[in-house]
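Below is one structure, written out as structure tokens, with a few remarks after it.
The values are calculated or read from the model by the stated rules, or taken from the named source; none is laboratory data. These figures come from a predicted structure and were not determined experimentally. Cβ placement follows ideal geometry from the backbone for every residue including glycine, while neighbour counts extend to all protein chains displayed. These area figures cover heavy atoms from the full protein model, side chains too; ligands, DNA and RNA do not enter into them. Shrake-Rupley method; radii C 1.70, N 1.55, O 1.52, S 1.80 Å.
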Amino acid sequence: MLRYALRRLVGAIPTLLVLITLAFFMIRVAPGGPFDSEKSLPPEIEANLNEAYHLDEPLWQQYLRYMGNILQGDFGPSFQYREYSVNELIAQGFSVSLTIGGTALLVALLVGCTLGIIAALRQNRPTDYAVMTLAMTGISIPNFVVAPLLILAFAVGLGWFPAGGWEGDSLAKIVLPVIALALPYIAYISRLMRSSMIETLRSNYIRTARAKGMPERVVILRHALKPAFMPVLSFLGPAAAAIITGSVVIEMIFGIPGLGRYFVQGALNRDYTLVMGVVVFYGILIILFNFIVDLLYGALDPKVRYD
Amino acid sequence: MMRMRWSAAILAAVLAAAGLPAAAAELAKEQILHKGNGAEPQTLDPHRAEGVPSSHILRDLYEGLTSSAPNGDLIPGAATHWDISDDGTVYTFHLRPKARWSNGDPVTAEDFVYGLRRSVDPATLSKYSQILSSIRNAEAIIAGDKPPESLGVQALGPHTLQITLKAPTPYLLGLLNHSSAYPVHRASVEEHGERFSRPGNLVSNGAYMLHAQVLQSHVHLKKNPHYWEADDVVIEEVYYHATEDQSSELKRYRAGELHWTNEVPLSQVRWIRENMDEEFRVATYLGTYYYGFNLTQPPFKGNLPLRRALTMAIDREIIVNKVTRLGEQPAYSWVPPGVYNYEAQVPEWASWPWEQRLAEARRLYKEAGYGPDNPLRIELRYNTSENHKKIAVAVAAMLKQNLGVRVNLINEEWKVFLQTRKQKRITQLFRAGWIGDYNDAYTFSELLHSKHGINDSAYNNPAYDALLEQAAVEGDFERRRELLQEAEELMLQDQPIMPIYFYVSKKMVSPRVDGFQTNIMDHHYTKNFRLLAR
């Protein structure tokens, strides 16, 4: 088990190196630079700017410098927010995205699994159809439609929750974004859960359990739930990484200072260090979550062996 | 209940004592203003800041030597009055002895000397310092040829400041209200270095001081108790919210979370007009939306009739009435109307009946060598945006219908677009816009000088350059105005650009915000507002 974990972690290093290298050169290839604007800069100031950010050095030297800094955990200063380091920006943005994304993931998991199980137990009956219609709607209506509708109904119309923003300590501000973010995930998870639950319920050991006269509740919760959960678990790895690193759409619509906005703005402004920082951070998270999911597999499924 | 009424009574008494007009409507108990402010400001360092969002916040935080009134008129700021030498090159400012920084330190002439030197010092990395080039030696300092100490700015006493110019600059007083000319608090800049403008470090001399900032969310200011006019400042706290998405901003306004929006979404203008027209504040803005011709490449190189034909063949009335729909003014010339000491130059054909214009455009098009059998094919390049696209589609349709020109629309992401436009290799007709930095025609005229960095048309007329250079050193107001007007007239004959419309500023302002007035620069100071009770 420990050997497996170590091997996986060491194996992740080349993946990360390739990721950093590709991202580094791709963002540099994009036309336009961080200091281009409608204003034209006096040459002396442009030279000073380039020097301050080492843009006057040859590209390979910049690359080595960047690699050296990353090894020390330093993503460098942001080009766009000159008074902040990329580490600070990621820390700020991630704490917000984690709050919203984590809550949304939890909600999606609870609601999605419950709905999926209910649908599976009432297969091909009105409840099933209702849940699946809801799920299909959740998948097919995009965030940028749902979110404004939620705001119009619950903020502008009823005035129950704020329409956006991130000031104050009140928890009310996270309700609408969490719902908007969780809806498509609820849909995915409930569909996954339903189909794998139906399959599990058809297996021999469930028939045995029922034949022994076990109460249905025990059959479902103790015997069927764990194996039926496996597909959901493998979906959760990348999903968790995606949801907690922030959704730029949700963040824009609700005015939330999350990581997704830094990423998109960084790319648009050619804020090299910020884009790189977020890409590397996101890469690490994906690798980490997939790793955790694989470990959980072993804990849940005795058929999985780590050697 | 009793206590609240007392505090309101006391407030009213204070206001009356402060000389404010007796409030007809009752003031809100909580004087906290929430403004939508567009994109996140990249910095609150006045000398490094660029872009409109940061300038809005900086106006509340800092006070320059001059300031502007709610209607946009120039008024004294940190200086109470000033003397100008007869030749117009030496300005002596007398500062307010009562002026204080937000930590209680007096605001002195030295602070302005330090601030202006810092602003032009190339080590500060300011992108806007060129705006100060009329001050003696500023250009050489920006170019790194002279030390910042050689700047023509001198403290003659604790409250007397002298600014020496290289040539008379009639718009200097307006320039001194730009963030590049704000003073900074020397001790805190030296203590915190680059990070002096972060919350907790920033010491400012304006009506407000920085309380907190959550990047991408909001900047929170509180009233500066040491401000010289603090007794008259009613609003206690201001929030500047980062609102990039205009539809969301409007929803937050409708939900009562914002008292003020930065913009309005074009797609909802009709709805706003029908439902919230009184809160919708539109005003002429100091900016021109235009298309540029690339004069270094065919087909526009050396083909004046063609440029003129295209310029005449688009119906600007339709664009402003059917496409942008905000009450913009159609533009036939370059410097917007309403600019101080300037008379808008309108070409003669602008007043012709449409039929006559169209006939002339067709004649010129033919003269340029094109016709139904040999239609002009051009590329129109714009930066990706829903609004630019709508206008480009309309222009393309008009050119096709009126002249038979085949226009290929190409959109590019902003930074890519800036680069292609600057390189002048593949551009033909391209979108552009310019918002003046100060209320003077020169901020527009200089853009088409052959040496100017953003002259993306590559317009190069020595006579135009000469007129501008003459105007730059002309001390006489009248004469200077004539020179600049003559330059524009000359430029319009060469038609390096196709003006389309003059911008408007547009925002929603809650009826609870008392004291709001529109002005051409769209400059607003929170200290002039009061929040009324519902």
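For the range A:74-131, what is one quarter of the convex hull surface built on the Cα atoms, given in nm²?
Values: hull surface 23.7 nm².
The Cα convex hull of the range A:74-131, projected and averaged over all directions, gives 5.9 nm².
Summing -39500 (n - 2.57) over the DSSP H runs of n ≥ 4 in chain A and dividing by its residue number, what mean residue ellipticity at 222 nm do you reach, to the nearest 500 deg cm²/dmol?
So the helix-based figure for chain A works out to -23500 deg cm²/dmol.
Name the residue farthest towards the positive end of the dipole of the protein assembly as shown from the options B:Gln401, A:Ala299, B:Ser445, assuming +1 on Cβ of Lys and Arg, -1 on Cβ of Asp and Glu, about the Cα centre.
Result: A:Ala299.
How do B:Ile272, A:Ile27 rank by accessible surface area computed with a 1.4 Å probe, from largest to smallest? Show your work: numbers first, answer last.
Numbers: B:Ile272 0, A:Ile27 20 Å².
Most to least solvent-accessible, the answer reads A:Ile27, B:Ile272.
What residues have an amide H closer than 5 Å to that of B:Gly371, excluding those fewer than 5 places away on the same chain, when H is modeled at 1.01 Å from N in the peptide plane?
Here the answer is B:Leu376, since their amide H atoms fall under 5 Å of that of B:Gly371.
Expressed in nm², what is the orientationally averaged projection area of the convex hull enclosing the Cα positions of the range B:297-423?
Working: hull surface 36.7 nm².
So the Cα hull casts an average projection of 9.2 nm².
Based on the alpha-carbon gyration tensor of the range B:234-329, what equivalent-ellipsoid semi-axes (square roots of 5 times the eigenvalues) come out, in whole Å, largest first? List each step's numbers first, then the result.
Working: eigenvalues 296, 56, 27 Å².
Semi-axis lengths for the range B:234-329 are 38, 17, 12 Å.
Counting Lys +1, Arg +1, Asp -1, Glu -1, what net charge surrounds B:Pro375 among other residues with beta carbon under 13 Å of its beta carbon?
The answer is +4.
Report, in debye and to the nearest 20, how large the dipole of the protein assembly as shown comes out about its Cα centre when Lys and Arg carry +1 and Asp and Glu carry -1 on their Cβ.
On the way: 81 positive and 84 negative charges, 942 e Å.
Roughly 4520 debye for the protein assembly as shown.
If the reach is capped at under 18 angstrom between alpha carbons, list the lysines near B:Lys29, excluding any in the same chain fewer than eight residues apart.
B:Lys222, B:Lys223, B:Lys527
Going by Cα centres, the range B:417-466 and the range B:86-112 are how many Å apart?
Their Cα centres are 36 Å away from one another.
In terms of the Cα gyration tensor, with a ≥ b ≥ c the square roots of its eigenvalues, is the range A:107-151 rounded because a/c is under 1.5, prolate because a/b exceeds b/c, or oblate?
On the way: a/c = 3.33, a/b = 1.89, b/c = 1.76.
Cα axes put the range A:107-151 in the prolate bin.
Give me Rg/Rg_expected for the range B:287-505, where Rg uses Cα atoms only and Rg_expected = 2.2 N^0.38 Å with N residues.
Details: Rg = 16.8 Å, N = 219, 2.2 N^0.38 = 17.1 Å.
That ratio works out to 0.98.
For chain A, what D do you get in µm² per second when you plug the Kirkwood radius from alpha-carbon pairs into Stokes-Einstein at 37 °C and 0.692 mPa s?
On the way: Rh = 22.4 Å.
Result for D is 147 µm²/s.
For chain B, list log₁₀ I(q)/I(0) at each q in 0.06, 0.11 Å⁻¹, using the Debye formula over Cα point scatterers of equal strength and ignoring solvent, two decimals each.
So the normalised log intensities work out to -0.32, -1.06.
How do B:Glu279, B:Glu139 stack up against each other in accessible area, from largest to smallest, with a 1.4 angstrom probe? Mind dumping the intermediate values first?
Values: B:Glu279 45, B:Glu139 100 Å².
The residues order as B:Glu139, B:Glu279, largest area first.
On a straight-distance basis, which lysines could pair with B:Lys415 in a cross-link, Cα separation under 23 angstrom, same-chain partners fewer than 8 positions away excluded?
A:Lys39, B:Lys127, B:Lys389, B:Lys390, B:Lys424, B:Lys451
Quick one: putting +1 on the C-beta of Lys and Arg, -1 on the C-beta of Asp and Glu, what dipole do you get for the range B:287-505 around its Cα centre, in Debye to the nearest 20? Walk me through the numbers before you get to the answer.
Working: 26 positive and 27 negative charges, 258 e Å.
Rounded to the nearest 20 debye, it is 1240 debye.
Among A:Phe24, A:Ser95, A:Pro58, flag the residue with its Cα farthest along the positive direction of the charge dipole of the range A:14-110, charges on Cβ as +1 for Lys/Arg and -1 for Asp/Glu.
A:Ser95
In chain A, which helices (entire DSSP H runs) extend 30 Å or more along their own long axis, judged by Cα positions, while averaging at least -1.0 on the Kyte-Doolittle scale?
Numbers: long enough: A:2-29 (41 Å, 1.53); A:86-121 (49 Å, 1.76); A:172-201 (41 Å, 1.19); A:272-300 (42 Å, 2.11).
Taking the DSSP H segments of chain A (at least 30 Å long, mean hydropathy at least -1.0), we get A:2-29, A:86-121, A:172-201, A:272-300.
Is the range B:110-149 best put as rounded, prolate or oblate by its Cα gyration tensor, with a ≥ b ≥ c the root eigenvalues, rounded for a/c under 1.5, and otherwise prolate when a/b is larger than b/c, oblate when not?
Values: a/c = 1.33, a/b = 1.24, b/c = 1.07.
Verdict is rounded for the range B:110-149.
On a straight-distance basis, which aspartates and glutamates could pair with A:Lys226 in a cross-link, Cα separation under 20 angstrom, same-chain partners fewer than 8 positions away excluded?
A:Glu199, A:Glu216, A:Asp294, A:Asp301
How far is it, in nm, from the label point at B:Ile32 to the one at A:Leu16 when both lie 7 Å from their Cα along the line to the Cβ?
4.2 nm
Dipole magnitude of chain A about its Cα centre, charges +1 at Lys/Arg Cβ and -1 at Asp/Glu Cβ only, in debye to the nearest 20?
Details: 23 positive and 20 negative charges, 468 e Å.
With only Lys, Arg, Asp and Glu charged at Cβ, the dipole is about 2240 debye.
Just the C-alpha atoms of the protein assembly as shown: what Rg/Rh do they give, with Rh taken as the Kirkwood radius?
Working: Rg = 31.0 Å, Rh = 30.4 Å.
Ratio of gyration radius to Kirkwood radius: 1.02.
Have a look at B:Tyr459, B:Thr427, B:Pro372 and report the one farthest towards the positive end of the charge dipole of the range B:287-505, computed about the Cα centre with Cβ charges (Lys/Arg +1, Asp/Glu -1).
So the residue furthest toward the plus end is B:Pro372.
Once Rh is set to the Kirkwood radius over Cα pairs, what Stokes-Einstein translational diffusion coefficient, in µm²/s, holds for the range B:409-520 at a temperature of 37 °C and a viscosity of 0.692 mPa s? Present the calculation step by step, with values, prior to reporting the outcome.
Working: Rh = 16.6 Å.
Translational diffusion coefficient: 198 µm²/s.
Using the Kirkwood radius over C-alpha pairs as Rh, can you work out the diffusion coefficient of the range A:113-182 via Stokes-Einstein at 20 °C, viscosity 1.002 mPa s, in µm² per second?
Working: Rh = 13.9 Å.
Result for D is 154 µm²/s.
At 222 nm, what helix-only mean residue ellipticity would chain B give, in deg cm²/dmol to the nearest 500, using -39500 (n - 2.57) for each DSSP H run of four or more? Intermediate results must be reported in sequence, preceding the final value.
Working: 15 runs with 155 residues, N = 534.
It lands at -8500 deg cm²/dmol.
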